[in-house]
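Please treat every number below as a calculation from the coordinates, not as lab data. This structure is a prediction, so every number in the text was calculated from the model and none was measured. A quick note on method: Cβ atoms are made from the backbone with ideal geometry, for glycine too, and the neighbour counts reach across all protein chains shown.
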Amino acid sequence: MKSESVHIVEQLYKNPQAILGLEEPQIQENMVVVPITLKGTLLDFISMTEAEDKGLIAIKETEQVNNLEIFNKSDQLVLIPFGTTVKGGKQDRTIWESILLPAESGGKVNGANRNYVVPAKCVEQSRWSYKRSKGKGFRSAKTRLHPNLAYAAQTAGGQGAVWNEIQSHRAEMSIASDIAPTQNYLEMMETIEKETEKIVNKFKNVKDQCGIAVFINGEFIGMEFYANVKAWSSMSDDIIKAFSVEALRFKDKPTKKVEGKYSDIITRALKELKMDFSVRKGVGLGNVVDFNSEDQKWRGNTLVHEDIMVQFYLVSKRGGATESPPVRMQRQDYIQQMVRDF
């Protein structure tokens, strides 16, 4: 029997404009952003960054390299978005699953803060020791994964896929070897920060906006939205900045002429995608639905809670590191592979 969570996601692909409002496009050179509003029910939650600012969550390392531990004492739902990067500890990491932490009554469970073990992958390859400047804790970074790296992070097999994509990003962006000597993705992104911020500043949120669909060089490359306008507003610059990396990667490539309305192109593209879906229980609330196109060009995931898509993320693979077709792995096999990668 098909999961109700999968059914909800399938409806988006079958009839996008029944769920999404696709607003007037905004254009900056080779990048086009189509603001997204939602027509359905929204959800009340706060973002991970807001929870950190209020001292409501803390992130710590565990004995396993592919896990982090988050301590929650918030009396509100807290969303940790897919693609979030955190810096500190022995290596900087990315959280590769959207996680909705439940509100904790009084912030305590049996007198202790509630803790959750969350899946993580490293975005810094060569360091495996604490630095005085980094401390022993973690803090979310303003840098989100750009689409090609986010695509790699969703693979079932792979810390190696993430590192390969980071190395490919270094080569594509001509980042000097003396910059980010530990292959630190966050440090690499600092080298293009002025350029990405310039692009971000050209785009403005519209009323009730909660996401974006993005075109680069006339090609639809992906979309991301949230079931909360305030949360989107607080994260939107970081998300647009991640997509703007693609504008820089392809700034010297030819631009395709766009025929017709951007909203119609997005709708047609989603309807034509042939996706394989899988579902699993989320770390916190709800179910995570993963989806991959049959041609392996598109990949994404969404967290479904109370029949609402809390965060939806979809991107295409363009250039970058080569990748073998994903192989489904048992959790223990995956952990063993992660250990071997280190």
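A few notes on this one:
- Residues Leu42, Leu145, Leu68, arranged from fewest to most other Cβ atoms within 10 angstrom of their Cβ, appear as Leu42, Leu68, Leu145.
- Cα→Cβ-extended label distance, 7 Å offset, between Asp178 and Thr191, nm: 1.3
- Of the trypsin sites (Lys or Arg not before Pro) in region 4-65, the ones in a loop by DSSP (not H, G, I, E or B) with at most 10 other beta carbons within 10 Å are Lys39.
- Taken over the C-alpha atoms, region 154-215 has Rg and Dmax values of 15.4, 44 angstrom.
- Computed label-point distance, nm, for sites Lys202 and Gln26 using a 7 Å Cα→Cβ extension: 1.2
- Legend: ranking of residues Lys121, Lys202 from fewest to most surrounding C-beta atoms inside 10 Å; resulting order Lys202, Lys121.
- Listed by chain and number, the lysines placed with their C-alpha closer than 22 angstrom to that of Lys274 are Lys2, Lys14, Lys297, Lys317; residues fewer than eight positions away on the same chain are left out.
- The alpha-carbon of Lys194 sits under 23 angstrom from the alpha-carbons of these lysines, leaving out residues fewer than 8 places away in its chain: Lys87, Lys142, Lys202, Lys204, Lys241, Lys251, Lys253.
- Region 191-268: relative contact order as a whole-number percent, Cα under 8 Å and 6+ apart: 33
- Solution diffusion estimate, µm²/s, Stokes-Einstein, region 184-275, Kirkwood Rh from C-alpha pairs, 37 °C, viscosity 0.692 mPa s: 223
- For region 1-112, the alpha-carbon coordinates run over 47, 40, 31 Å along the three principal axes, in decreasing order.
- For the options Ser316, Ser263, Ser126, a Gaussian network treatment of the chain with springs between C-alpha atoms closer than 10 Å singles out Ser126 as fluctuating the most.
- Each listed q (0.07 Å⁻¹) maps to a log10 I(q)/I(0) for the chain, found by the Debye formula over equal Cα scatterers with no solvent: -0.27.
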